[in-house]
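Chemist: Supplied in structure tokens, the structure appears directly below.
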Amino acid sequence: MSATGTAPPTSTGSTKVDAIKENIKAAAPQKLSGLALYSRFAFAGAVCCSVTHGGLTPVDVVKTRIQLDPVTYNRGLIGGFRQVIANEGAGALLTGVGPTFAGYFLQGAFKFGGYEFFKQQAIFMVGYENAVQNRTAVYLVSSAFAEFFADIALCPLEATRIRLVSEPTFASGLVSGFSKIAKTEGLGGFYSGFGPMLFKQVPYTMSKFVVYEKVAEAIYKRVDKATASPGMQTSINLGSGLIAGFAAALVSQPADTMLSKINKSKGAPGEGTTSRLIKIAKELGLRGSYSGIGARLFMVGTITAGQFAIYGDIKKAIGAEGGVEIAK
């Protein structure tokens, strides 16, 4: 007897039923995998991050000014807008928009694409059932790894943005500012803030994804995701993202302030990054590290809500189907 088994029959015996099955199969969206899938995740993440961060550049300018010079900019978010416009003109509110778009396009690709990739790898490693039971740990680890690589891409452009905002006469824009730092300070000038960026962005992203996943999961226990309208799904993404943004802003605010401070100017000759960070932390104190928190809550809440809404909609539009969900 042959050891080779026969393939199961593909026909139902009815020509009409077979035709209906083929039509349903052809109409169903194909689930992607590998590069075709993760490149779509990365593209959706790149667009959602660059659009939201770039669109809120004026808020970021005011927030950074409050962090760097709280004595002068001491009138809150609205007062800060008025001060910047009165002192430098409305155009100053778009300072750093070039590196913001470019930096967060790269960062978004690595962050969202990487999150989906590392989440899938975790499922492969521990098995689907274990991943479901330990999904919070999967979310935390996946987002931490994704953000680490995203920060490598973002850091040079973020350093350029902060220098442009803190020193309006430093350069005229992205290319000139980037070139000037490269010529005068070398690679170290771009990555002097890498430590505080990790300290800021990794907890920020971990809390952002975990809170988003948990809030969305709680909502979908009451709303059937399979039958929810596209508008309802977008609204759920917005609401979950808003709550996640508030949590992420509170967790990462001290490191965000330190990042602004350390990128404002070069350190003293022979002064290392660690000693600079310790010095800045002592000067700020807990209260000082939360300078500009009102502006940042508004900014990060709005950004994060917009990101998850745009990310979800773009994924649907470009057919990014195939990621494994582990929410109960």
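Chemist: Where residues in the range 93-137 are touching a helix residue (DSSP H, G or I) at 6+ places or on another chain (Cβ under 8 Å) and of a type in the set (Phe, Trp, Tyr), which of them is farthest from Glu213 (Cα to Cα)?
Modeler: Selected residue: Phe101.
Chemist: Follow-up. Has the range 275-283 got at least one residue that is in contact with a helix residue (DSSP H, G or I) (Cβ under 7 Å, 6 or more places away or on another chain), touching a residue at least 60 places away in the same chain (Cβ under 8 Å) and closer than 23 Å to Phe41 by Cβ?
Modeler: Checking the range 275-283: not a single residue is in contact with a helix residue (DSSP H, G or I) (Cβ under 7 Å, 6 or more places away or on another chain), touching a residue at least 60 places away in the same chain (Cβ under 8 Å) and closer than 23 Å to Phe41 by Cβ.
Chemist: Continuing with the same structure: Cβ contacts < 7 Å: first residue closer than 13 Å to Phe105 by Cα and of a type in the set (S, T, N, Q), restricted to the range 142-159; second residue modelled with pLDDT under 90 and surrounded by fewer than 23 Cβ atoms within 10 Å (Cβ to Cβ), any location; separation 6+ or different chain. Result?
Modeler: Taking only residues 6 or more apart or on different chains, not a single pair turns up.
Chemist: Quick check: anything in the range 201-210 surrounded by 18 or more Cβ atoms within 10 Å (Cβ to Cβ), more than 22 Å from Gln253 (Cβ to Cβ) and of a type outside the set (S, T, N, Q)?
Modeler: no
Chemist: Next up: If only one of Gly103, Gly91, Gly98, Gly127 is without any contact (Cβ under 8 Å) to a residue 60 or more places away in the chain and crowded, with 16+ Cβ neighbours inside 10 Å, which one is it?
Modeler: Values: Gly91 fails: crowded, with 16+ Cβ neighbours inside 10 Å; Gly98 fails: without any contact (Cβ under 8 Å) to a residue 60 or more places away in the chain; Gly127 fails: crowded, with 16+ Cβ neighbours inside 10 Å.
So the residue among Gly103, Gly91, Gly98, Gly127 that is without any contact (Cβ under 8 Å) to a residue 60 or more places away in the chain and crowded, with 16+ Cβ neighbours inside 10 Å is Gly103.
Chemist: Follow-up question, since we're still on this one. Having 2 or more residues that are within 15 Å of the chain's Cα centre (by Cα) is the bar; report the helices (runs of 4 or more DSSP H) wholly within the range 88-197 that clear it. Steps first, answer last, please.
Modeler: Numbers: elements: 97-126, 128-133, 135-166, 174-185, 187-191.
Output list reads 97-126, 135-166.
Chemist: If the requirement is being surrounded by fewer than 22 Cβ atoms within 10 Å (Cβ to Cβ) and under 23 Å from Ala150 (Cα atoms), which of these qualifies: Leu259, Leu198?
Modeler: Leu198
Chemist: Okay, next question. Can you confirm whether the range 251-265 contains a residue that is among the aliphatic types (A, V, I, L, M) and closer than 30 Å to Gln133 by Cα?
Modeler: yes
The values are calculated or read from the model by the stated rules, or taken from the named source; none is laboratory data. This one's a predicted model, so the numbers in the text were calculated from it and none came from an experiment. In this analysis, Cβ positions are derived from the backbone assuming ideal geometry, glycine residues included, and neighbour counts consider all displayed protein chains.
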